[in-house]
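Reviewing the structure listed below.
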Amino acid sequence: MEKNIRVLVANRPRLMRDLVMATITDQPDIEILGEVENESDIRSAIQRTQPDCLIIALDRPNERPLLCDALLREYPEMKILAVSPSDTSNMFFWASFNIHEHLVEASEQGVLTALRRASAKGVNP
């Protein structure tokens, strides 16, 4: 079977990283791209390897790590699995976007108003 899930493992502590690696190493559809020991190296490792999924430590059960938001903004196609070293709670994160709509008056003024509002940051037309 072709390995089609590309994974980068960045858990700490080392024992947790080893357990995660042991769990996924022999899976025929999962390719381990590498391990990251220091959180400060995660971004460069992602840039270098372009994983489908990043596995990180979940320090606080049921709470999204701050790192997730920044990484998913930068790499929205990537998924993140956060595994807790001290608990049985794990969390899975992915990015998505919402498409919004607003009725625009069918007139020259309506079109111009919508365009001007759309160009203003953070303002809905």
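The values are calculated or read from the model by the stated rules, or taken from the named source; none is laboratory data. Quantities reported herein were computed from a predicted structural model and do not represent experimental measurements. Neighbour counts are summed over all protein chains in view; Cβ atoms, including those assigned to glycine, are modelled from backbone coordinates with ideal geometry.
Here are the numbers:
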read-out: Residue within segment 33-46 that is exposed (fewer than 10 other Cβ atoms within 10 Å of the Cβ), modelled with pLDDT of 90 or more and of a type in the set (Gly, Ala, Ser) present; value: yes
read-out: Residues that are farther than 26 Å from LEU66 by Cβ and either in contact (Cβ under 8 Å) with a residue 40 or more places away in the chain or in contact with a helix residue (DSSP H, G or I) (Cβ under 8 Å, 6 or more places away or on another chain) (or both), drawn from segment 92-107; value: HIS102, VAL104, GLU105
read-out: Answer from PHE92, PHE97 - the residue that is closer than 19 Å to THR23 by Cβ and surrounded by fewer than 17 Cβ atoms within 10 Å (Cβ to Cβ); value: PHE92
read-out: For SER89: the one exception among (1) over 30 Å from ARG117 (Cβ atoms); (2) small (Gly, Ala, Ser); (3) at pLDDT 90 or above; value: (3)
read-out: Residue under evaluation MET1, criteria (1) modelled with pLDDT of 90 or more; (2) over 20 Å from SER84 (Cα atoms), criterion not met; value: (1)
read-out: Test for ARG64: is it under 17 Å from the mean Cα position of the chain (by Cα), surrounded by 13 or more Cβ atoms within 10 Å (Cβ to Cβ) and either polar (S, T, N, Q) or assigned to a loop (DSSP other than H, G, I, E, B) (or both); value: yes
read-out: Members of segment 10-44 found to be free of Cβ contacts under 8 Å to residues at least 40 places away in the same chain and in a strand (DSSP E or B), listed by number; value: ILE30, GLU31, ILE32, LEU33, GLY34, GLU35
read-out: Filter pass, VAL111 being part of a loop (DSSP other than H, G, I, E, B), surrounded by 10 or more Cβ atoms within 10 Å (Cβ to Cβ) and not aromatic (Phe, Trp, Tyr); value: no
